[in-house]
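Working notes for the structure below.
The values are calculated or read from the model by the stated rules, or taken from the named source; none is laboratory data. Everything numeric in this text was worked out from a predicted model, so none of it was measured. Because the Cβ atoms are built from the backbone with ideal geometry, glycine has one as well, and the counts that use them run over all protein chains shown.
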Amino acid sequence: MSDATDRLIERLSAEAGPVHRLPPPARRAMLWLLAVAVLAAIVIAVFSDLGVFARRARDPQLALDMIATLLTGIAAVIAAFELSLPDRAPAWMLLPLPPLAAWIATSGYGCYRHWISFGPDGWELGESTHCFRFILAVSLPLGVSLMVVLRRARPLAPVRVAAIGGLGVAAIAAFLLQFFHPFDVTLLDLSVHIVAIAIVIAVASLWARWSERREARP
């Protein structure tokens, strides 16, 4: 054993503090999701028009769309917590794919139905600017809080963890949008939603890459 290794062992023995084992990732994910749910319920109760939402929610297509969106967010957040641990298989990234596929399918069907009903008007932008700002504004605090919690596990692949976490917070933001969006989604609206979600994922990934490089500097 080299002198450098001996000195490292001595320093760690003298200075290293006790290591506290993190709770299971599923439990940590559920606690984070529960905190988000409580805050979201308060905001929805205070600021949304629940009467309008209740009338819109009678549409089975919208109900299925919201369920798929919420399941995408929950699955992606759980996958991010699992992937933050070094012994978890990369296959956890596949967890949100089934609800994501259902979300895209139901949203696409809703847009197609709107286009059939309204013809050329089905291509109008509708409330896209509001939707774009809403998804980004809600995703920012959710994303920051999620990244802070995930970093406690010191993930070995932070970019992958951040990307799947970004999908999770963007999906949750898109789910919450429906409580404040009393309009049918057009095809162009859906495209704007996808762009906003892609921006959230990209920003989360770039932030993780920047953090990783900063920590790697001597």
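Hey, among the residues in segment 103-123 that are among the polar types (S, T, N, Q) and surrounded by 19 or more Cβ atoms within 10 Å (Cβ to Cβ), which one's modelled with the highest pLDDT? Walk me through it before giving the result.
The first filter runs over segment 103-123 and keeps only residues among the polar types (S, T, N, Q), leaving 106-107, 117.
Then drop every residue that is not surrounded by 19 or more Cβ atoms within 10 Å (Cβ to Cβ), which leaves 106-107.
On the way: THR106: 88, SER107: 81.
Ranking the qualifying residues of segment 103-123, first place goes to THR106.
Looking at segment 47-62, which of its residues are at pLDDT below 90 and within 20 Å of ALA170 (Cα to Cα)?
Within segment 47-62, just LEU62 meets the criteria.
Please specify each residue of segment 79-94 satisfying the condition of being in contact with a helix residue (DSSP H, G or I) (Cβ under 6 Å, 6 or more places away or on another chain) and acidic (Asp, Glu).
Within segment 79-94, just GLU82 meets the criteria.
Confirm whether ALA76 is buried (at least 21 other Cβ atoms within 10 Å of the Cβ), modelled with pLDDT of 85 or more, in a helix (DSSP H, G or I) and touching a helix residue (DSSP H, G or I) at 6+ places or on another chain (Cβ under 8 Å).
The answer is yes for ALA76.
I need the full set of residues from segment 146-163 which are in contact with a Pro (Cβ under 7 Å, 6 or more places away or on another chain) and buried (at least 19 other Cβ atoms within 10 Å of the Cβ), in order please.
Looking only at segment 146-163, we keep the residues that are in contact with a Pro (Cβ under 7 Å, 6 or more places away or on another chain), and these are 156, 161.
If the condition is that a residue be in contact with a Pro (Cβ under 7 Å, 6 or more places away or on another chain) and buried (at least 19 other Cβ atoms within 10 Å of the Cβ), then VAL161 is the only one that fits.
Which residues, counting only those in segment 38-64, are of a type outside the set (A, V, I, L, M), in a helix (DSSP H, G or I) and touching a residue at least 60 places away in the same chain (Cβ under 8 Å)?
Let us first name the residues in segment 38-64 that are of a type outside the set (A, V, I, L, M), namely 47-49, 51, 53, 55-56, 58-61.
Imposing the further condition that a residue be in a helix (DSSP H, G or I) reduces the set to 47, 51, 53, 55-56, 60-61.
If the condition is that a residue be of a type outside the set (A, V, I, L, M), in a helix (DSSP H, G or I) and touching a residue at least 60 places away in the same chain (Cβ under 8 Å), then PHE47, PHE53, ARG56 are the ones that fit.
Exactly one of these conditions fails for GLY126: (1) modelled with pLDDT of 80 or more; (2) not in a helix (DSSP H, G or I). Give me its number.
So GLY126 meets the others, but not (1).
Could you list, in sequence order, all residues of segment 79-91 that are assigned to a helix (DSSP H, G or I) and closer than 14 Å to PRO155 by Cα? Talk me through it step by step, then tell me what you get.
So in segment 79-91, the residues assigned to a helix (DSSP H, G or I) come out as 79-83, 90-91.
Across segment 79-91, the qualifying residues are ALA79, ALA80, PHE81, GLU82, LEU83, PRO90.
Report, ordered by the first and then the second residue, all pairs with beta carbons closer than 8 Å, sequence separation of six or more or different chains, a first member in segment 158-173 that is within 20 Å of PHE134 (Cα to Cα) and free of Cβ contacts under 8 Å to residues at least 24 places away in the same chain, and a second member that is crowded, with 24+ Cβ neighbours inside 10 Å and not acidic (Asp, Glu).
If the second residue must be crowded, with 24+ Cβ neighbours inside 10 Å and not acidic (Asp, Glu), no pairs are left.
If LEU136 satisfies every condition in (1) farther than 27 Å from LEU22 by Cβ; (2) at pLDDT below 90; (3) not β-branched (Val, Ile, Thr) but one, which is the exception?
LEU136 satisfies every listed condition except (2).
Taking into account only those residues within segment 186-218 that are assigned to a helix (DSSP H, G or I), charged (D, E, K, R) and exposed (fewer than 13 other Cβ atoms within 10 Å of the Cβ), which is modelled with the lowest pLDDT?
GLU215
In segment 58-73, is there at least one residue being more than 22 Å from GLY108 (Cβ to Cβ) and either touching a helix residue (DSSP H, G or I) at 6+ places or on another chain (Cβ under 7 Å) or surrounded by fewer than 22 Cβ atoms within 10 Å (Cβ to Cβ) (or both)?
So far as segment 58-73 goes, no, none of its residues is more than 22 Å from GLY108 (Cβ to Cβ) and either touching a helix residue (DSSP H, G or I) at 6+ places or on another chain (Cβ under 7 Å) or surrounded by fewer than 22 Cβ atoms within 10 Å (Cβ to Cβ) (or both).
Is it true that some residue in segment 173-185 is more than 14 Å from the chain's Cα centre (by Cα), assigned to a helix (DSSP H, G or I) and either crowded, with 23+ Cβ neighbours inside 10 Å or at pLDDT below 80 (or both)?
no
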